[in-house]
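Heads up: the structure comes next, in structure tokens.
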Amino acid sequence: MYQKKNLKVQAVCSMFIAAVLFGVCLSTAQATRVSTAVIEDCLINESGFNCDEKTCISADVSYGIQTQLEVVQITTIQVGGEPVEVEETTEIEIEKSIPTLYYPLRFLHTVAYYPHEEVIRTPHPISGCDCQCADPNFQGFCSTRSPFDLENLCASWRGEELIGQPATTAVPYATAHCLHMGEVYFHGYEICGPTEYYEIAANLQKGSDTLNFVLSPADPFYGINQASGFKVKAELLGNQEKYKGVPELSNYILYIPALPEAHPYVQDYQNNMLILPREELSKDGSEPDKVGISYDAFRKLGGNASVSEAGDGLHNQLFQKHSADLQKLIMNPDAETEYLVHGKRKFKESMGFQAGMAKVLQYKVPEINYSQVALTLPDVTTVKVINTESLGIIMDADVQAFTSMTDEGTLVVEIANWGDLKTDYVVTVTQANMNIIKAIPAQSRILDSYEQATLTFDIHTAYNIDTINECAVRLKSPTGRLYDEVSVKFDASKHPSKYSGDLQLTNDAATLTEPNNLTAPVITLNGPELILLECNVDTYVEQGAEAVDDVDGTVAVIIGGDTVDTTVCGIYTVKYFARDAVFNFSEITRTVKVVCPGSGIEGDINNDNMVNMDDLGRLAANWLVGT
């Protein structure tokens with residue numbers, strides 16, 4: 001039973017959250033937002049929490065961005081029988097897993113994968129013999145020419161092209177048309193509305209004590225009230241906004257290989273699933289040239305034997321759609337398939353059914369999307385947001401070939417952490433020219449030192465014009481610091497075709513136009529390669545560097561590596577990085593030695609602040625011995 005002491009807790013948190021939403025902190029596009037509110041009143045219930053928990057910390061957490069906080073709390077202890085207040089620091093890390101949308105499946109029907117027609121020559125009815133399929137399990141129809149048709153040599157007849165000899169009065173025969181369903185069957189499933197799942201993992205470290213817990217949409221609450229150690233309540237408040245670009249699949253049917261169980265397609269069903277719009281299938285099998293055709297619908301085709309060919313009415317079946325997509329992937333493993341699920345950009349690497357679980361279709365949401373977490377703690381005097389930053393670079397960025405004015409375009413971006421600290425990175429695609437659809441959501445990744453990641457973005461053209469398309473890819477920190485930027489260009493122009501009239505020029509695959517450039521830029525330091533500074537006396541001034549490429553001319557130089565602190569003795573490495581338009585890389589370093597008397601780092605400060613590179617190994621060895 002709840003004891004109502006005061007109901008203002010929820011109101012205070014709600015008002016606080018509203019304040020955050022309206023911009024108390026940085027924009028969600030730039031940084032994780034964290035703020036606090038003091039709770040004057042509380043709600044007591046049977047779980048044992050008391051009113052010591054007076055501070056509510058709210059944080060927005062997105063996949064790919066780790067939120068790190070340092071919280072200082074006041075604790076009262078007894079010293080010599082007297083109460084003494086002491087400060088305790090708790091380090092908090094909060095991280096969100098990639099959100100996954102689960103689309104439950106509802107069984108609809110079972111269809112044949114490869115329905116095909118067999119044509120058998122049989123005696124003409126004038127001989128008195130029956131026209132029938134060789135196997136009674138196969139059903140179909142018979143077609144017989146009348147005496148008039150047998151005399152009319154210009155007339156064609158269904159299936160005669162397969163037999164190789166037309167029926168005539170001299171060679172009269174009839175044909176049996178048998179529908180073979182093939183050996184493989186697929187189950188078709190309607191796709192229901194999605195439910196979301198992700199986890200918010202929290203790690204709290206206070207001295208030698210560690211607390212870990214997980215929140216999720218299905219389990220959004222956590223609480224612990226230890227006599228000594230942690231006192232914390234946590235609640236997942238939900239998402240700040242709806243996911244963008246979520247597939248709407250209510251008009252589609254998912255087909256999964258089902259029978260026989262030993263067939264290779266069934267064994268490897270994840271790579272052979274097909275997704276079709278409802279208009280391409282026949283629910284009850286009554287429509288020809290659609291998936292799911294029945295024996296009854298096939299038999300009705302017999303009335304058109306004089307104007308049809310073998311196979312008519314059996315087009316657009318699963319095996320035809322499957323084969324066309326497999327051929328696409330053979331020609332280009334990165335091609336966007338039309339029906340094969342595992343070749344569709346939105347579902348690549350996100351499909352999977354676990355044994356014993358109901359079948360569901362999965363879609364992973366890669367873009368930045370914040371969930372709000374509220375932590376309630378005892379008196380907190382300070383909350384610090386900890387950000388770690390290391391130089392990040394864009395290793396590559398290009399648009400794969402795709403057909404103009406379709407939604408098949410994919411921009412692939414490779415990024416790397418080029419520094420020594422685990423860091424959050426945000427990748428944005430902006431400044432698209434008029435021919436590119438501009439609504440491209442940003443994505444983020446957490447990378448360890450020198451770790452790399454590959455991100456994909458949907459990109460497509462809006463107009464049917466002959467032009468070079470261009471967009472800017474930027475790599476930033478969540479706080480907005482720009483690490484790297486490149487311009488990506490591709491064409492989506494019209495190309496000649498064999499058709500006439502309006503089809504004289506038709507859309508074709510987009511291509512990247514790159515110069516034949518295999519040489520990396522040459523970087524030249526401004527100033528010496530090694531600088532000696534005296535601790536607490538000299539100040540380090542960054543002199544920079546210049547880079548020149550044989551094709552692109554002068555290119556930008558990115559500076560990273562160590563931050564030189566002339567109050568701390570040591571050897572610092574400053575990195576200079578350059579890249580040309582086709583991602584040829586070069587890098588050089590400058591060594592800065594901060595000399596502190598008695599530290600073990602020896603060296604003379606000369607007028608030029610430099611030593612030659614032959615001395616670098618000796619200097620490093622002296623430093624190691626000194627430490």
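The values are calculated or read from the model by the stated rules, or taken from the named source; none is laboratory data. A quick note: this is a predicted structure, and the numbers were derived from the prediction, not measured. Counting neighbours? That spans all protein chains shown, and the Cβs are built from the backbone with ideal geometry, glycine included. For the accessible areas, the whole protein counts, side chains as well, though only heavy atoms, and no ligand, DNA or RNA atoms are used. Shrake-Rupley method; radii C 1.70, N 1.55, O 1.52, S 1.80 Å.
What is the number of the single condition among (1) within 41 Å of the chain's Cα centre (by Cα); (2) over 26 Å from Q362 (Cα atoms) that N271 does not meet? All conditions are met except number (2).
Restricting attention to segment 237-266, the residues that are surrounded by fewer than 17 Cβ atoms within 10 Å (Cβ to Cβ) and in contact with a Leu (Cβ under 7 Å, 6 or more places away or on another chain) add up to 1.
Here is the figure for segment 71-114: residues that are open to solvent by 70 Å² or more (accessible area, probe 1.4 Å) and at pLDDT below 90 total 9. I want to confirm something. Restricting to segment 542-562 and keeping residues that are modelled with pLDDT of 90 or more and outside any strand (DSSP E or B), which single residue is least open to solvent (accessible area, probe 1.4 Å)? The extreme case among them is G544.
Is it the case that segment 302-319 has a residue that's in a strand (DSSP E or B) and touching a residue at least 24 places away in the same chain (Cβ under 8 Å)? No.
Restricting attention to segment 274-305, the residues that are small (G, A, S) and surrounded by fewer than 14 Cβ atoms within 10 Å (Cβ to Cβ) total 2. Going through (1) at pLDDT 90 or above; (2) open to solvent by 80 Å² or more (accessible area, probe 1.4 Å); (3) hydrophobic (A, V, I, L, M, F, W, C) one by one, L503 falls short only on (1).
Contact map, segment 108-126: residues that are within 27 Å of E287 (Cα to Cα) paired with residues that are open to solvent by 60 Å² or more (accessible area, probe 1.4 Å) and not in a strand (DSSP E or B), Cβ distance under 6 Å, separation 6+ or inter-chain. Pairs shown: V119/L162. Among the candidates T406, T381, T376, the residue that is at pLDDT below 85 and open to solvent by less than 50 Å² (accessible area, probe 1.4 Å) is uniquely T406. Would you please name the residue that is farthest from R299 (Cα to Cα), looking only at residues in segment 180-208 that are surrounded by 14 or more Cβ atoms within 10 Å (Cβ to Cβ) and of a type in the set (S, T, Y)? The qualifying residue farthest from R299 (Cα to Cα) is Y198. Out of the residues in segment 209-224 meeting the condition of being assigned to a strand (DSSP E or B) and not hydrophobic (A, V, I, L, M, F, W, C), tell me which one is least open to solvent (accessible area, probe 1.4 Å). Residue satisfying both the conditions and the ranking: S216.
Listed conditions (1) farther than 30 Å from T461 by Cβ; (2) modelled with pLDDT under 90; (3) polar (S, T, N, Q) are all met by T539, apart from (2). Identify the residue in segment 145-179 that is under 53 Å from the mean Cα position of the chain (by Cα) and open to solvent by less than 30 Å² (accessible area, probe 1.4 Å) and, among all such residues, is farthest from S294 (Cα to Cα). That would be E160. Across segment 95-124, the number of residues qualifying as outside any strand (DSSP E or B) and touching a Cys at 6+ places or on another chain (Cβ under 6 Å) comes to 0. Restricting attention to segment 553-599, the residues that are among the hydroxyl-bearing types (S, T, Y) and either touching a residue at least 40 places away in the same chain (Cβ under 8 Å) or within 13 Å of W418 (Cβ to Cβ) (or both) add up to 6. For segment 586-608, filtering for residues that are at pLDDT 55 or above and either open to solvent by 70 Å² or more (accessible area, probe 1.4 Å) or outside any strand (DSSP E or B) (or both) leaves 7. If the condition is being touching a Leu at 6+ places or on another chain (Cβ under 7 Å), among the hydrophobic types (A, V, I, L, M, F, W, C) and assigned to a loop (DSSP other than H, G, I, E, B), then segment 382-438 contributes only W418. Just to be sure before I move on: is L329 over 22 Å from R158 (Cα atoms) and modelled with pLDDT of 95 or more in the structure I sent? It is false that L329 is over 22 Å from R158 (Cα atoms) and modelled with pLDDT of 95 or more. Which of the residues spanning segment 458-476 are at pLDDT 90 or above and buried (at least 21 other Cβ atoms within 10 Å of the Cβ)? If the condition is that a residue be at pLDDT 90 or above and buried (at least 21 other Cβ atoms within 10 Å of the Cβ), then V473, L475, K476 are the ones that fit.
Contact map, segment 280-291: residues that are outside any loop (DSSP other than H, G, I, E, B) paired with residues that are open to solvent by 70 Å² or more (accessible area, probe 1.4 Å), Cβ distance under 7 Å, separation 6+ or inter-chain. Pairs shown: E280/N316; V291/N316.
Of the residues contained in segment 164-173, one or more are found to be part of a strand (DSSP E or B) and touching a strand residue (DSSP E or B) at 6+ places or on another chain (Cβ under 8 Å).
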